[in-house]
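To keep things clear, I will list the structure first and then write my remarks on it.
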Amino acid sequence: MIERLVNLTWILVGAAAATLSWRIGLTGPYGPDSGLFPFVAGLFVAAGGVALMLARSHATADLEWPDFAGWTRILGVIGALAFMALAIPYLGFAIASLVTMIILLRTVEPGSWLSTLVLAVVSVAATLALFVGLLDLQLPRGPLGF
Amino acid sequence: MEAMSGLFTGFGVILTPENLLLCLAGSFVGTMIGVLPGIGPLAALALLLPITFSLPPIAGVVMLAAIFYGAMYGGSTTSILLNLPGEAASVVTCRDGYQMAKQGRAGAALGIAAIGSFIAGTLSVVALTFFAPILGEWAIRFGPPENVALMLLGLVCTLYMITGSALKGLVMIALGVLLAMVGTDVVTGNERFTFGSIDLSGGLDLLAIVIGLFGISEILLNVETISKSTLLADKIRGLFPTREDWKASLAPMLRGSGLGFLLGLVPGGGPITASFISYAVEQRVAKDPSRFGKGAIEGVAGPEAANNAAVGGSMIPVLSLGIPGTPVTALLLGALVIQGIQPGPLFMQQRPDLFWGIVASMYVGNVFLLILNLPLVGLWVQLLRVPYRVLFPIVLMLSVVGTYSANKNLFDLWVMLAFGVSGYVLRKLQYDLAPFLIAFVLAPLLEQSLRQTLVMSPDGIMIMTQRPIAAVLIAISFVLVALMIRRGLTTRKTGGIPHEAHV
Amino acid sequence: MKLMCKRLAAAAGLGLALISGAACAQGAKAALAKVKPADFPTQPIEMTVVYPAGGGADLTARLLAKTMEDITGNRILVNNRTGGAGMVGHAWLATQAPADGYAIGMLVNLVWGDSMLRAQGRWTHTDLEPVGYLNSDPMMWFVTNDGPFKGKTLKDIVQAAKDKPGTIRVATVPGSMWDYSIEQVEKQNDARFLRVPFQSGGAGVVGLIGNNVDVALGFYAEAKPHMEAGKIRGVGVASPERLSHAKDMPTLNEQLGGKDYLWTLLRFVVVPKKTPADRKAYIGAMVKAAMQQKSLRDEYAKLGVYFDPALENAANITEALNAEAERERAFYVKTGRLKP
């Protein structure tokens, strides 16, 4: 099912890209214009999608998706990263990454709260020391000034 | 022997306690930065550039150069241990390196990677010592038509290394080309597929894609089945390469060194292309190509040698002509300029102390790196004993900071995440993602060079046959494609399914 | 002190006689102390450069940051926000940078073209206020010493492009100053070149050395080592007068008998428009003080730039640079790139 959806995505993305490139223009005064390369690539992607749809031999044989607990963990990781990207501008790097670390550590096989907190604080502090202290990288600051 | 006396001068300059210490420091920092996922040599050099202001010119450049090649040494570490490339040039190292680690042979893989890097690094400095001016002249002749031919050859080589369904591999190549087109078209300045977004006008960031597609997706695959005591490898067999490993690796290392050096010389080459082509070559010449992707040590030795030799190669146009071919060498050049020194064709005559000092430091640096890295192998292998539930959040955090640090743009984090999720789904469906990456890297240069070629040529595409280097490269590509078609046909005739070399 | 100031003026070349007497650097420092706000700066100032580390703009910014740090003792960190040939960094400065004085930018006047032609209303350069001028870097035309234009002048080259239109290969950077300079020469001389697109001026000069083009446009710093080695030669510079460090290179105006063959990179410092006035003034004073240091001027002079006295002495640098931007807008309108 998911495999067919992916194939469909190729067809749609490829066709859309080819159409857009067609509008940009394929050839200019000296040969290929901005549209040619993406047009050809788009056609290939779409054609590949069609072929994959038809040719059953290319379908993945022993496909196994995770169980419920597996999905929770995967979504936990994705959610944590999305939270971090969203929160950095508002909370600053230090706080956002601390919260993210806690989410990550709690999602996957929770240990004790104490060990989670210690690990989160230590790893964030180490990251900050490494990048900000040693490498002088400016990471976004939060409302509290760090 | 002008080179010998020059080298003598160089060692005279470099063998001071201060310079040696800075070279050692650079090697160490470079290794660490290579090991950290996400932060590549370019971002690291940009961050550390201000430190060199207060140093004498030679010391500053020696340190920066050491960071550059040190990062190439370290880049393989996380690829082998965690299946997570430290930088784009070690994506191919993941293939067989990680499989070796899973079989408990992480030590052998790391050892071969370090020694391969040393051999390649040293050989390329030897070539640099004796042939810098000649090779510099040769590299500069590499105009748009030659670039077109080289990029085509690179793409053809990629076809060889597709694992799994060939059709899926082709879709990945096409998609790589397509996504590389997002952003501002350098030839016309038009925006393509940006949908009005300023973040997209700069195109998708290579590093964010590498970390997402290979790193985040790997973590997602792993957390599926993680438990409290999950370790990446339960058993660790031997820390060092065996006699058989040596025998199998020597020829790939030498081939990788030569290939990497030549590709490093030319603007379109560089470590990424070098490592991919080297892998394809090793697979092609191997007696039993089916071992590749299942822990073949040649698949680690060749590409790791190639990406280090490419560093040496890329120093040639900078040192002999003052022309940087890659962003990293441009930065090294900048470090010299900020000190009031502008390398150019006369650099060698005007400042022999600097030129030969830098060359000599590269010999010394490679030795330092070997000494540093071999004992580290034991330490890194211990990393596999850390429970995965503790290891992966830290790796994720480092990936996020590394990805952000390159452009200071939060949008790159979203790119990383999106490619991480897509990478997870695609890997589940057994797509080979490496061809995507190499197509993404090669496509913009191929497009630009092709269009430049067509503009500057009065006879259209036929210019390719009039320029010897381009013609030879194109011929090789045709032969390779012909061989592949023949192989495909014969397997079909004998009744085999066309994907024999697959996992 | 006096002697130093004199030497400084001589080194800068283009008539910088105004900085004289003991007022020199000390005066600037005193002026700096006078305008310093009580509560600023208390943390490092971040100077954004929109081009990659190691390039001309980046070096200019890093040298400036170092000098400003030395004078004031504040930390100033250079930050490269790259992508889209400057677009990403420009947009960040104009729309997202905090307007508290801690975010400043070192820009090149290419920002105007970006804003007028490519920003599509998402941001404009008027969201940024220039507070200090650094230097000017005029565009030069180069040919090789062994190529088809050995010993020829720019006039000869333009004549050749007139006689055999579309055959002389010239390296250009599309949609930028390189293109405009070529276009102007073509239009006003009824000539036509074959424009080969490159992603940067430096790449074009490399193309010239490799004989992949016949003419390239670029800047002094990137061509200097190749000129010294006798590989390439400058045939014209798009500045109002000959440069003191390249006396034998004629101006485009001399060669082609015009007045308006002027294409120069201007480098200057901006802050987001909403930055408090006292902080703006302090940053402006900091730049000015740094630019009066002989060491910095020498470093810049080594990169082959000159200091335009009109901009350096402008009573109000913001207005002076905005007037330059308007001149550029007029060019875009005239050439049909922009609707009036």
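What to note about this one:
- Take the conditions (1) within 11 Å of another protein chain (Cβ to nearest Cβ); (2) in contact (Cβ under 8 Å) with a residue 12 or more places away in the chain; B:D245 misses just one of them, which is (1).
- Looking only at the stretch C:89-101, residues that are within 11 Å of another protein chain (Cβ to nearest Cβ) and either without any contact (Cβ under 8 Å) to a residue 12 or more places away in the chain or surrounded by fewer than 19 Cβ atoms within 10 Å (Cβ to Cβ) (or both) come to 3 in all.
- For the stretch B:177-192, taking the residues that are touching a Leu at 6+ places or on another chain (Cβ under 7 Å) and modelled with pLDDT of 90 or more, the one that is surrounded by the fewest Cβ atoms within 10 Å (Cβ to Cβ) is identified as B:V182.
- All conditions but one from (1) closer than 21 Å to C:Q292 by Cβ; (2) at pLDDT below 90 apply to C:R81; the one that does not is (1).
- Of the residues making up the stretch A:35-51, not a single one is aliphatic (A, V, I, L, M), more than 7 Å from every other protein chain (Cβ to nearest Cβ) and farther than 29 Å from A:A17 by Cβ.
- For the stretch B:383-422, residues that are in contact (Cβ under 8 Å) with a residue 12 or more places away in the chain and of a type in the set (K, R) total 2.
- Considering residues of the stretch B:150-175 that are small (G, A, S) and within 19 Å of B:Y279 (Cα to Cα) only, the residue farthest from the other protein chains (Cβ to nearest Cβ): B:G154
- Scanning the stretch C:57-85 for residues that are buried (at least 24 other Cβ atoms within 10 Å of the Cβ) and either outside the structural domain of C:P44 (by TED's automatic domain parsing) or on the phi > 0 side of the Ramachandran plot (or both) gives C:G83, C:A85.
- Residue in the stretch B:44-66 that is within 27 Å of B:N222 (Cα to Cα) and surrounded by fewer than 24 Cβ atoms within 10 Å (Cβ to Cβ) present: no
- The lone exception for C:T172 - which of (1) more than 15 Å from B:M456 (Cβ to Cβ); (2) in contact with an Asp or Glu (Cβ under 6 Å, 6 or more places away or on another chain) it fails: (1)
- B:G488 vs. criteria surrounded by fewer than 16 Cβ atoms within 10 Å (Cβ to Cβ), within 14 Å of chain A (Cβ to nearest Cβ) and at pLDDT below 90: no
- Selection status of C:G83, free of Cβ contacts under 8 Å to residues at least 12 places away in the same chain, farther than 30 Å from C:R337 by Cα and not aromatic (F, W, Y): no
- Candidates A:L91, A:L86, A:L75 - the one that is surrounded by fewer than 16 Cβ atoms within 10 Å (Cβ to Cβ), at pLDDT 90 or above and within 30 Å of A:G133 (Cα to Cα): A:L86
- The listed residues are B:P133, B:P145, and the only one of them that is within 13 Å of another protein chain (Cβ to nearest Cβ) and modelled with pLDDT of 90 or more turns out to be B:P145.
- Out of B:V415, B:V381, B:V401, B:V390, one residue alone is β-branched (V, I, T), within 13 Å of another protein chain (Cβ to nearest Cβ) and closer than 22 Å to B:Y98 by Cα. It is B:V390.
- Test: residue in the stretch C:158-168 that is closer than 26 Å to C:K302 by Cβ and either in a strand (DSSP E or B) or hydroxyl-bearing (S, T, Y) (or both): no
- Within the set C:L303, C:L256, C:L296, the sole residue that is among the hydrophobic types (A, V, I, L, M, F, W, C), within 26 Å of C:A97 (Cβ to Cβ) and crowded, with 17+ Cβ neighbours inside 10 Å turns out to be C:L296.
- Tally of residues being touching a residue at least 60 places away in the same chain (Cβ under 8 Å) and more than 18 Å from B:T403 (Cβ to Cβ) across the stretch B:40-55: 3
- Condition broken by B:S124, with the remaining ones in (1) among the hydroxyl-bearing types (S, T, Y); (2) at pLDDT 90 or above; (3) surrounded by fewer than 24 Cβ atoms within 10 Å (Cβ to Cβ) satisfied: (3)
- Among the residues examined, B:M151 does not qualify as in contact with a Lys or Arg (Cβ under 8 Å, 6 or more places away or on another chain) and at pLDDT 90 or above.
- Checking the stated criteria, A:A126 turns out to be at the interface with another protein chain (Cβ under 10 Å from one of its Cβ atoms), loosely packed, with under 15 Cβ neighbours inside 10 Å and outside any loop (DSSP other than H, G, I, E, B).
- The lone exception for C:G218 - which of (1) among the small types (G, A, S); (2) touching a strand residue (DSSP E or B) at 6+ places or on another chain (Cβ under 8 Å); (3) away from chain B (no Cβ under 14 Å) it fails: (3)
- Cross-chain or 6+ apart pairs with Cβ under 6 Å, the stretch B:468-480 first and touching a residue at least 60 places away in the same chain (Cβ under 8 Å), then surrounded by 13 or more Cβ atoms within 10 Å (Cβ to Cβ) and among the acidic types (D, E): B:I469/B:E146; B:A470/B:E146
- Only one of the listed residues (B:G97, B:G74, B:G116) is at pLDDT below 90 and under 22 Å from B:L384 (Cβ atoms). That residue is B:G74.
- Each residue in the stretch A:33-79 was checked for being charged (D, E, K, R), without any contact (Cβ under 8 Å) to a residue 12 or more places away in the chain and either part of a helix (DSSP H, G or I) or over 23 Å from B:T163 (Cα atoms) (or both), and 3 pass.
- Any hit, the stretch B:375-389, residues being under 30 Å from B:V13 (Cβ atoms) and assigned to a helix (DSSP H, G or I): yes
- Comparison of B:V367, B:V311, B:V328 shows that the only residue that is out of contact with any helix residue (DSSP H, G or I) (no Cβ under 7 Å at 6 or more places or on another chain) and modelled with pLDDT of 85 or more is B:V367.
- Index of the failed condition, B:D199 passing every other in (1) part of a helix (DSSP H, G or I); (2) modelled with pLDDT under 90; (3) surrounded by fewer than 19 Cβ atoms within 10 Å (Cβ to Cβ): (3)
- Count of residues meeting criterion [without any contact (Cβ under 8 Å) to a residue 60 or more places away in the chain and touching a Cys at 6+ places or on another chain (Cβ under 9 Å)] in the stretch B:423-458: 0
The values are calculated or read from the model by the stated rules, or taken from the named source; none is laboratory data. All figures in this text were calculated on a predicted structure; none of them were measured in a lab. All Cβ positions, even for glycine, are placed from backbone atoms using ideal geometry, and neighbour counts span all protein chains on display.
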